[in-house]
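Enquirer: Here it is, the structure, as structure tokens.
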Amino acid sequence: MGMTMTQKILAGHAGLPSVKAGDLILADLDMVLGNDVTTPVAIREFNKLGIDQVFDRTKVAMVMDHFTPNKDIKAATQCKMCREFAEEKEVLHYYDVGAMGIEHALLPEKGMVTAGDIVIGADSHTCTYGALGAFSTGVGSTDMACGMATGKAWFKVPSAIKFNLVGSLKGWASGKDVILTIIGMIGVDGALYKSMEFVGEGVHSLSVEDRLCMANMAIEAGGKNGIFEVDDKTLAFLEKAGAKAPTVYAPDADAVYDAEYTIDLSQIVPTVAFPHLPENTHPVSEIDEIKIDQVVIGSCTNGRLEDLIAAAKVMEGKKVAKGVRCIVIPATQKIWEEAMNLGLFTIFMHAGAVISTPTCGPCLGGHMGILAEGERAVATTNRNFVGRMGHPKSEVYLASPAVAAASAIAGKIVEP
């Protein structure tokens, strides 16, 4: 029986010739990740183990991004705990204000993940790194603690769904529109504990940024992970980032899949997910007038340079509608600098938007853009659950950077 890409990575890291869906395995880890919300819990559990040092100080990453710059005393205390632990254990990859970024944009940018790796992170969107041909998945803080201590984690090998991508995107359609369309098609539990594997000639037409966005939202379909075939674009991205030599896995011709879908990228159109689930999708062209109060362009899903360039193209020479707050959040310090040097900040500021330091802030209703009762936001983030961005009676509409930017200008949800 053949194996999928994910199954090959898991087998290799477990020292096994092969694995199949449902097998329980103990696998070696290449990176263990936590943030300012989840790491303190992991530290407390780690300390209970009575171990003096993390398994490998180069393979643990702590990124202060959710409530940073610290929004209150509790947030400051959490970061202080992480900072002191990282100093004591000599953790190499500790990132705080001034050197940080949104974790799932920062790790690929710094070459800390490569094809063939296994990465666990105490954050559900750790599945992002599947865009680079890695097996990456979110875990609880206790699993993070055990991973930091032993360099290993237990997994139940997932079955898989194949998404065969053909054609190429047209117009303003982006990777965000592709993954929203897929989630709308299969539902938020359509890939429950399955590997979402993206293959086919259409993959090669997608930018790495598109793939990072799509893999990031695999969890929104219930997926254990999302993973893309590695191609020349992947390898060029990894080389530029200074990542270690990749190990490239391709699915076997006789790999077993629970389901297979063919997605024609040329048919993808700008799409929005209505409250309160990412599966509640609608083509923008079919939406009646929905007035908005806020727009957020950023997050681990869509805060990369390509995303900011798309938003700036839409907003250049225009003004944000009266009564709309538009917040632009570059995902890392490097992206912030690149966007500034390209003149994107001038475009955003002249349009009436505000530019933030890198932070997860508003995405999870943390800070830097909380919604009041009855307010509506268009966001390039990944979740729109009840109360996700503030008041439980507020609403979040998920969209691409281009749609978000156009909506900020119009004061309602519109196509670019």
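Enquirer: What's the local net charge at ASP254, with K and R +1, D and E -1, over the other residues with C-beta under 14 Å away?
Expert: Charge balance in the 14 Å sphere: +1.
Enquirer: Please report, to two decimal places, log10 I(q)/I(0) for segment 347-401 at q = 0.29 Å⁻¹ as given by the Debye formula with identical point scatterers on the Cα atoms and no solvent.
Expert: -1.18
Enquirer: Quick one: among GLU279, GLU88, GLU229, which has the greatest mean-square fluctuation in a GNM of the chain with alpha-carbon springs under 10 angstrom?
Expert: Sorting by GNM fluctuation, first place goes to GLU88.
Enquirer: A further question on this structure: Please report the net charge: other residues with Cβ closer than 13 Å to the Cβ of PRO275, K and R +1, D and E -1.
Expert: +1
Enquirer: Leaving out ligands and nucleic acids, and using a 1.4 Å probe, what accessible area per residue does the chain come to in Å²?
Expert: So the chain comes to 37 Å² accessible per residue, rounded to a whole number.
Enquirer: Moving on to the next point. Select from VAL113, VAL199, VAL378 the residue whose mean-square fluctuation is largest in a Gaussian network model of the chain (Cα-Cα springs shorter than 10 Å).
Expert: VAL199
Enquirer: So what's the convex hull volume per residue for the Cα atoms of the chain, in Å³?
Expert: Considering the Cα atoms of the chain, their hull volume per residue is 126 Å³.
Enquirer: Among residues other than SER266 whose Cβ falls under 15 Å from its Cβ, what is the net charge (Lys/Arg +1, Asp/Glu -1)?
Expert: -3
Enquirer: Reported to two decimal places, what Rg/Rh ratio describes segment 147-245 when computed on Cα atoms with Rh from the Kirkwood expression?
Expert: On the Cα set of segment 147-245, Rg over Rh gives 1.01.
Enquirer: Which value, in Å² and to the nearest 10, is the accessible area of TRP336 when all protein chains are kept and the probe is 1.4 Å?
Expert: 80
Enquirer: Please find the FRET efficiency linking VAL354 to PHE385, where r is the Cβ-Cβ separation and R0 is fixed at 25 Å, and quote it to the nearest 0.05.
Expert: 0.50
Enquirer: Take the Cα pairs of segment 318-416, get the Kirkwood Rh, then feed it into Stokes-Einstein at 4 °C and 1.567 mPa s and tell me D in µm²/s.
Expert: 94
Enquirer: Could you run the Karplus curve 6.51 cos²θ - 1.76 cosθ + 1.60 with θ = phi - 60° over segment 269-283 and give me ³J(HN,Hα) per residue in whole Hz, x for Gly and Pro?
Expert: So the J values, rounded to whole Hz, are 10, x, 9, 10, 9, 6, x, 10, 9, x, 7, 7, 9, 8, x.
Enquirer: Related question: For segment 24-146, what does the alpha-carbon gyration tensor say about shape, rounded, prolate or oblate, given a ≥ b ≥ c as the root eigenvalues, a/c under 1.5 as rounded, and a/b over b/c as prolate?
Expert: Oblate.
Enquirer: Under 15 Å from a label point 7 Å along Cα→Cβ of GLU260: give me every residue in segment 162-201 with its amide N that close.
Expert: Answer for this model: 162-166, 197-201.
Enquirer: Pop a pseudo-label 7 angstrom from the Cα along the beta-carbon direction at both ALA99 and ASP231 and give the gap in nm to one decimal.
Expert: 3.7
Enquirer: Tell me, in nm to one decimal, what length is gained between GLU338 and GLU239 on full extension, where the rule is 0.36 nm per residue of separation less the Cα-Cα distance?
Expert: Length gained, GLU338 through GLU239: 33.7 nm.
Enquirer: Carbon-plus-sulfur fraction of the accessible area of the chain, 1.4 Å probe, in percent?
Expert: Answer for the chain: carbon and sulfur cover 52 percent of the accessible area.
Enquirer: Over segment 241-341, what portion of Cα pair distances is larger than 19 Å, expressed as a whole percent?
Expert: In whole percent, the long-distance tail amounts to 67.
Enquirer: Please arrange PHE155, PHE55 by accessible surface area, largest first, computed with a 1.4 Å probe and ligands excluded.
Expert: Order by accessible area, largest first: PHE55, PHE155.
Enquirer: Considering only Cα-Cα distances, which of the following residue pairs are longer than 23 Å: LYS59/LYS194; LYS48/LYS152; LYS319/LYS412?
Expert: With Cα atoms farther than 23 Å apart: LYS59/LYS194.
Enquirer: Grab the DSSP H runs of the chain that are 4 residues or longer, score each as -39,500 (n - 2.57), total them, divide by all residues and round the 222 nm result to the nearest 500 deg cm²/dmol.
Expert: One gets -9000 deg cm²/dmol as the mean residue ellipticity at 222 nm.
Enquirer: Also, quick follow-up: Quick check on the chain: of the DSSP beta bridges with both residues there, what percent are antiparallel, nearest 5%?
Expert: Within the chain, antiparallel bridges account for around 20 percent of the total.
Enquirer: To continue, here is another question. Against the 2.2 N^0.38 Å scaling, with N counting residues, where does segment 128-189 land? I'd like the Cα-based Rg ratio to two decimal places.
Expert: Against the empirical 2.2 N^0.38 Å value, I get 1.54 for segment 128-189.
Enquirer: Hey, another quick one. Take the Cα radius of gyration of segment 219-281 and divide it by 2.2 N^0.38 Å, with N its residue count; two decimals is plenty.
Expert: Ratio of Cα Rg to 2.2 N^0.38 Å: 1.53.
Enquirer: Now for a separate question. Find how many whole Å separate the alpha carbon centroid of segment 223-248 from the alpha carbon centroid of segment 36-76.
Expert: With segment 36-76 and segment 223-248 each reduced to a Cα centre, they are spaced 27 Å.
Enquirer: State the three equivalent ellipsoid semi-axes of segment 12-90, derived from the C-alpha gyration tensor as the square roots of 5 times its eigenvalues, in descending order and whole Å.
Expert: In descending order, the three semi-axes are 30, 15, 11 Å.
Enquirer: Hey, in the GNM for the chain with a 10 angstrom Cα cutoff, which one of GLY387, GLY361, GLY343 fluctuates hardest?
Expert: Among GLY387, GLY361, GLY343, the largest mean-square fluctuation in the Gaussian network model of the chain belongs to GLY343.
The values are calculated or read from the model by the stated rules, or taken from the named source; none is laboratory data. All of these numbers come straight from a predicted model, not from anything done at the bench. So basically every Cβ, Gly included, is an ideal-geometry build from the backbone, and we count neighbours across all protein chains shown. SASA here: full protein model, heavy atoms, side chains in, ligands and nucleic acids out. Shrake-Rupley method; radii C 1.70, N 1.55, O 1.52, S 1.80 Å.
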